[in-house]
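Trainee: Dumping the structure here so I can ask a few things about it.
Nothing in this text is a laboratory measurement; each read-out follows from the coordinates by a stated rule. Since this is a predicted model, take the numbers as computed values, not measurements. Here Cβ is always computed from backbone atoms with ideal geometry, including for glycine, and neighbour counts include all displayed protein chains.
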Amino acid sequence: MDDRRKSNRIDAHDVGLRVRNGIDKEPLGVIGNLSLGGMMLITTQQLFTDGILQLRIDPPAGYESGPISLGVKVLWCIPANSPDEYWAGLETIDINPADQEALSLLLDYLAETS
């Protein structure tokens, strides 16, 4: 298998990390797996390859941190096994240093609790 990921992904599906559109704050989906370099998003919206999105990750319940903002590029989007649901691969292309640190701490937290 050709695995070109730059960083290991943490399974986040059972945690229920919600993602919102960073512009209008509307719900976009739930994270399936997550890393500093990107994520797999489970969404009801078909996303288009090469699209650029501003996202906000809402931390899990009980985790003491605010939302994490980042810019992503859509690498792929395919229909999921459920009707009206899609899986999308997103690459992180823009994140400020404070949000990158918050994301790193969230990944450590998820790795410890899984």
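Trainee: Taking 8 Å as the Cα distance limit and 6 or more residues as the minimum spacing, I'd like the relative contact order of the chain as a percentage.
Mentor: After rounding, I find 24 percent.
Trainee: So how far apart, in nm, are the two label points at Trp76 and Asp94 if each is 7 Å from Cα heading toward Cβ?
Mentor: Output for this residue pair reads 2.6 nm.
Trainee: Another question, if that's okay. What is the percent of Cα-Cα separations in the chain that go past 24 Å?
Mentor: Everything past 24 Å amounts to 18 percent.
Trainee: Which of the peptides 90-97, 70-77, 28-35 is most tightly packed, and how do the rest follow, judged by the mean count of other Cβ atoms within 10 Å per residue?
Mentor: Ranked by mean Cβ neighbours within 10 Å, highest first: 28-35, 70-77, 90-97.
Trainee: Magnitude of the Cβ-charge dipole of the chain, K/R +1 and D/E -1, about the Cα centre, nearest 20 debye?
Mentor: Result for the chain is approximately 180 debye, rounded to the nearest 20.
Trainee: If you rank Asp58, Asp108 by fewest surrounding Cβ atoms within 10 Å, what's the result?
Mentor: Least crowded to most crowded, the residues run Asp108, Asp58.
Trainee: How do Asp11, Asp84, Asp99 rank when sorted from fewest to most other Cβ atoms within 10 Å of their own Cβ?
Mentor: Final ranking by Cβ density, sparse to dense: Asp84, Asp11, Asp99.
Trainee: Assuming R0 = 25 Å, can you tell me the calculated FRET efficiency for the pair Ser65 and Gln45, based on Cβ-Cβ distance, to the nearest 0.05?
Mentor: FRET efficiency, Ser65 to Gln45: 0.45.
Trainee: Then there is this: Taking the Cβ of each residue in Thr43, Thr49 as the centre, tally the other Cβ atoms inside 10 Å and list the residues starting with the fewest.
Mentor: Thr49, Thr43
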